[in-house]
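Structure first, commentary second.
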Amino acid sequence: MPGECQEPAIGIDLGTTFSCVAVWRRNRVEIIPNDQGNRITPSYVAFNETERLIGDAAKNLAAENPTNTVFNAKRLIGRRFSDPLVQKDLMLWPFKVVSGPNDKPMVTVTYKDEEKQFHAEEISSMVLAKMKEIAEVFLGFEVKNAVITVPAYFNDSQRRATKNAGTISGLNILSLLVEPTAAAIAYGLDKKYINIGQKNVLIFDLGGGTFDVSLLTIENGIFQVKAIAGDTHIGGEDFNNRMVIYFVKEFKRKHKKDITDNPRALTRLRTACERAKRNLSSSAHTTIGIDCLCDGIDFNSTITRAKFEELIMDLLEECISHVEKCLNDAKMDKESIHDVVIVGGSTRIPMVKQLLQEFFDGKELCTSIHPDEAVASGAAVQAAISTGQGNYEIQDLVLCDVIPLSLGVCVEDDEMRVVVPRNTTIPTRKVAKLTTFHDGQTKAKFKVYEGERPRTSDNFLLGTFYLFGIPPAPRGIPTLNVIFDIDDNGILTVSAVDETTGNRKSVTIRNFKGMLSAKEMQRMLKEAERFKFEDEELKKKFEAKQSLENYVYGTRATLLTRNLAFKLISATDAEKLEEEINLAIEWLEEHKDAEAHVFVKKREKLESILDPVITKFTTLSI
Ligand code: ADP
Ligand code: MG
């Protein structure tokens with residue numbers, strides 16, 4: 001745990017579709033509303049000719065600028081371009097993603113009339129920077145430290161990439177916290193479960209892009225994750241996609257037109273489907289109506305809740321099978337679960353609740369914590385604990401996570417030797433004793449993998465490194481210790497030591513394939529600062545322009561209304577004023593894109609001409 005410090009830290013739930021920020025203040029969690037007054041902010045970033053928009057502004061304008069409005073970065077982060085899941089997503093996204101160095105997916109947009117490429121980490125960092133800013137406006141001071149949540153099912157590379165996103169956004173990441181644990185903290189506090197014997201709690205979190213199920217025990221302030229299961233690719237977005245595909249087919253049938261290569265039409269249809277889906281959580285049927293969807297054709301249709309349920313049933317059943325897997329992994333039966341807690345926006349779908357309740361033989365589900373805010377609340381508690389800000393109720397909470405996938409090395413040809421089994425509690429250190437395969441071998445190659453398959457070729461390669469300088473010896477004699485260290489955040493460091501000779505040469509994997517190098521991180525940090533600077537400059541420019549416009553139009557309005565009525569100034573003065581104002585309006589038309597200082601100068605100049613007359617005017621009018 002980082003050392004105690006006095007500065008309040010925030011908790012951020014960086015969601016696939018929505019993000020939420022919270023802080024621990026006055027002995028409780030406060031969810032921080034954004035500038036629109038909303039307690040959750042869309043994880044959207046949009047780029048256009050003049051500016052970069054983040055959050056509500058970006059999402060609201062998505063249909064106008066579909067190819068440059070980026071969302072779902074969480075589904076890309078820490079993944080490779082060739083990943084079949086990424087390939088599947090790409091087909092339905094209106095923005096472009098291409099393959100970059102090391103098979104990394106690069107989001108490609110047009111910003112200020114230039115093509116720009118961004119790593120998923122950079123897009124996420126922009127969302128995080130927005131959340132930081134929301135907190136700063138609310139709290140009135142600069143926020144430096146944060147806890148960010150990640151799905152329990154995120155692997156090492158996805159966690160590292162998320163942490164990097166935090167760093168690029170200018171935050172110091174105290175720790176990553178897994179979402180179900182965060183939700184369990186919120187629930188445990190809500191239920192006052194901290195000190196009343198052991199409770200087994202199942203957290204079912206179905207959000208926009210991910211599904212996580214976790215089994216935790218809460219006992220004497222210790223939150224212990226027993227097992228996790230889930231899928232980083234099941235969520236509300238997939239339900240939307242199913243409905244989008246359904247209506248695309250219907251449109252094709254009715255109007256003989258395919259809208260899949262029309263990003264604007266697809267975005268408008270997706271927005272309508274999202275709305276329809278939400279309606280179906282409370283009504284049995286709903287309508288869809290989009291004017292001029294494609295080639296001037298209006299699209300009107302209806303969908304029933306039953307049809308929608310049929311469209312997504314296989315995904316929901318998959319969710320339930322993950323619940324079963326989670327119970328099996330934890331070696332617990334349904335009856336031993338005290339509470340089934342549902343979080344995530346998609347748990348509002350009635351069929352989700354119904355299937356889960358049926359699985360638990362009719363047990364009441366716990367809905368007392370807010371599905372959109374629970375995760376951020378837990379993160380805020382963790383942030384408070386990390387910075388020594390928590391009260392007696394929370395300061396002794398201990399959180400124990402597990403690793404989501406087994407970690408191991410490749411031995412012989414293609415065999416996966418598991419060193420740290422799945423669901424091992426972290427932090428942890430595990431050592432595997434290996435040896436050489438050939439007589440006189442002086443170097444050994446270690447390939448580190450993540451996954452459950454017996455063959456490494458079916459698993460995910462995390463990195464490769466060599467250990468040199470092994471004294472020549474017959475095969476099988478040297479003892480090579482491979483050490484896996486996993487820190488509180490679930491981030492892995494692997495080293496190898498040649499024990500035979502006491503020669504403790506160790507090598508740590510630093511550059512995982514596909515991960516960002518230190519140089520790239522530096523570049524992104526610089527760029528993030530530049531973007532922030534540009535955004536601020538743009539804001540200043542808008543403010544200066546607005547101020548000039550207000551002044552010009554305000555003066556004109558007063559001149560027209562008051563002077564006409566009361567004839568407070570002479571006709572010559574009035575004419576002079578009017579002429580200056582008209583010239584200023586013309587000037588404004590011609591200098592729409594001028595810099596802030598130009599507007600400021602212009603206003604000063606105008607004031608020096610107009611104010612003496614206006615003063616006469618106002619003093620007279622009193
Ligand atoms: P994430 O954490 O993955 O960003 P959230 O937990 O915020 O996701 O949930 C967002 C998802 O919840 C979206 O896909 C949204 O469509 C869905 N959602 C929100 N309200 C409803 C509702 N009333 N009915 C069905 N789905 C909903
Ligand atoms: Mg979520």
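The values are calculated or read from the model by the stated rules, or taken from the named source; none is laboratory data. Keep in mind that what you see is a predicted model, and the values were worked out from it rather than measured. All Cβ positions, even for glycine, are placed from backbone atoms using ideal geometry, and neighbour counts span all protein chains on display. Just so you know, the surface numbers come from the protein's heavy atoms only, side chains and all, with ligands and any DNA or RNA stripped out. Shrake-Rupley method; radii C 1.70, N 1.55, O 1.52, S 1.80 Å.
Considering only C-alpha atoms, what is the centroid distance from the range 24-97 to the range 106-123, in Å?
Taking the Cα centre of the range 106-123 as reference, the centre of the range 24-97 is 13 Å away.
Just to confirm the filter: which trypsin sites (Lys or Arg not before Pro) across the range 407-473 are DSSP coil and have at most 13 other Cβ within 10 angstrom of their Cβ?
Passing both the DSSP loop test and the Cβ count: 443.
Dipole magnitude of the chain about its Cα centre, charges +1 at Lys/Arg Cβ and -1 at Asp/Glu Cβ only, in debye to the nearest 20?
Its charge dipole is roughly 640 debye.
Can you compute the FRET efficiency between residue 582 and residue 61 using 1/(1 + (r/R0)^6), with r the Cβ-Cβ distance and R0 = 35 Å? Round to the nearest 0.05.
It comes to 0.60.
Ranked highest first by average number of other Cβ atoms within 10 Å, how do 114-123, 351-360, 470-479 line up?
For the peptides 114-123, 351-360, 470-479, the packing ranking is 114-123, 351-360, 470-479.
In whole percent, how big is the carbon plus sulfur part of the accessible area of the range 1-128, probe 1.4 Å, protein atoms only?
Solvent-exposed carbon and sulfur of the range 1-128 make up 48 percent of the total.
Considering the Cα positions of the chain, please state its Rg to one decimal place and its Dmax as a whole number of Å.
29.2, 109
Debye sum, Cα scatterers, the range 59-150, no solvent: what log₁₀ I/I(0) at q = 0.12 1/Å?
Result of the Debye calculation: -0.45.
Only helices at least 15 Å long along their own axis, judged from Cα atoms, and with Kyte-Doolittle mean hydropathy of 0.5 or greater: name those in the chain from DSSP H.
Length and hydropathy pass: 120-139, 374-386.
Quick check: Cα centre of the range 215-259 to Cα centre of the range 175-192, how many Å?
Cα centroid of the range 215-259 versus Cα centroid of the range 175-192: 22 Å apart.
Considering only protein heavy atoms, what is the solvent-accessible area of residue 592 at a probe of 1.4 Å, reported in Å² to the nearest 10?
110 Å²
As an exercise, identify the GluC sites (Glu not before Pro) in the range 35-105 lying in DSSP coil whose Cβ has no more than 15 other Cβ atoms within 10 Å.
Here the sparse-neighbourhood loop sites are 49, 64.
Taking the Cα-to-Cβ direction at residue 306 and at residue 536 and moving 7 Å from each Cα, how far apart do the two end points lie in nm?
Simple spin-label model gives 6.0 nm for this pair.
Carbon-plus-sulfur fraction of the accessible area of the range 425-500, 1.4 Å probe, in percent?
So the carbon and sulfur contribution to the accessible surface is 52 percent.
I want to check the label-to-label distance for residue 493 and residue 523. Put each point 7 Å from Cα in the C-beta direction and report it in nm to one decimal.
Placing both labels 7 Å beyond Cα along the Cβ direction yields 2.7 nm.
Could you pull out every one of the lysines with an alpha carbon less than 18 Å from that of residue 532, ignoring same-chain neighbours closer than 8 positions?
Of all the lysines, those that pass the test against residue 532 - Cα under 18 Å, at least 8 places apart if same chain - are 112, 116, 130, 132, 144, 540, 541.
Accessible area of the range 144-200 with a 1.4 Å probe: how many percent of it is carbon plus sulfur?
That fraction is 42 percent.
Note the full-extension length gain between residue 222 and residue 464 as 0.36 nm times their separation in residues minus their Cα-Cα distance, in nm to one decimal.
Fully extending the segment from residue 222 to residue 464 adds 83.5 nm.
If a/c stays under 1.5 just call it rounded; otherwise compare a/b with b/c (prolate if a/b is bigger, oblate if not). Do that for the range 201-288, with a ≥ b ≥ c from the square roots of the Cα gyration tensor eigenvalues.
Here the range 201-288 falls in the prolate category.
So if we plug the beta-carbon distance of residue 198 and residue 363 into 1/(1 + (r/R0)^6) with R0 = 25 Å, what FRET efficiency do we get, rounded to 0.05?
My answer for the efficiency is 0.90.
What are the lysines whose alpha-carbon lies under 16 Å from the alpha-carbon of residue 605, with same-chain residues fewer than 8 places away excluded?
545, 576
Can you run the Rg to Rh ratio on the range 299-382? Use alpha carbon positions and the Kirkwood inverse-distance Rh.
With Rh from the inverse mean 1/r over Cα pairs, Rg/Rh is 1.04.
Might you work out the accessible area of residue 561 for me, using a 1.4 Å probe with all protein chains in place, and round it to the nearest 10 Å²?
Only protein atoms counted, so the area is about 90 Å².
Between residue 611 and residue 595, what length comes free when the chain is fully extended (0.36 nm per residue of separation minus the Cα-Cα distance, one decimal in nm)?
So the chain would gain 3.4 nm between residue 611 and residue 595.
Compute the accessible area per residue over the chain, keeping the other protein chains in place, probe 1.4 Å, unit Å².
Spelled out: the 1.4 Å probe surface of the chain, per residue, equals 45 Å².
Calculate for the chain the 222 nm mean residue ellipticity that helices alone would give, adding -39,500 (n - 2.57) per DSSP H run of length 4 or more and normalising by residue count, nearest 500 deg cm²/dmol.
The per-residue figure over the chain is -12500 deg cm²/dmol.
R0 = 60 Å: FRET efficiency of residue 334 with residue 561, Cβ-based, nearest 0.05?
For R0 = 60 Å, the calculated efficiency reads 0.20.
Do any trypsin sites (Lys or Arg not before Pro) in the range 306-345 lie in a loop, going by DSSP, with at most 14 other beta-carbon atoms within 10 Å of their beta carbon, and if so which?
331
Just the ratio, please: alpha-carbon radius of gyration of the range 103-207 over 2.2 N^0.38 Å, N its number of residues.
Compared with the compact-globule rule of thumb, the range 103-207 sits at 1.35.
To the nearest 20 Debye, how big is the dipole of the range 574-617 about its Cα centre, given +1 on the beta carbon of each Lys and Arg and -1 on that of each Asp and Glu?
Charge dipole of the range 574-617: 220 debye, to the nearest 20.
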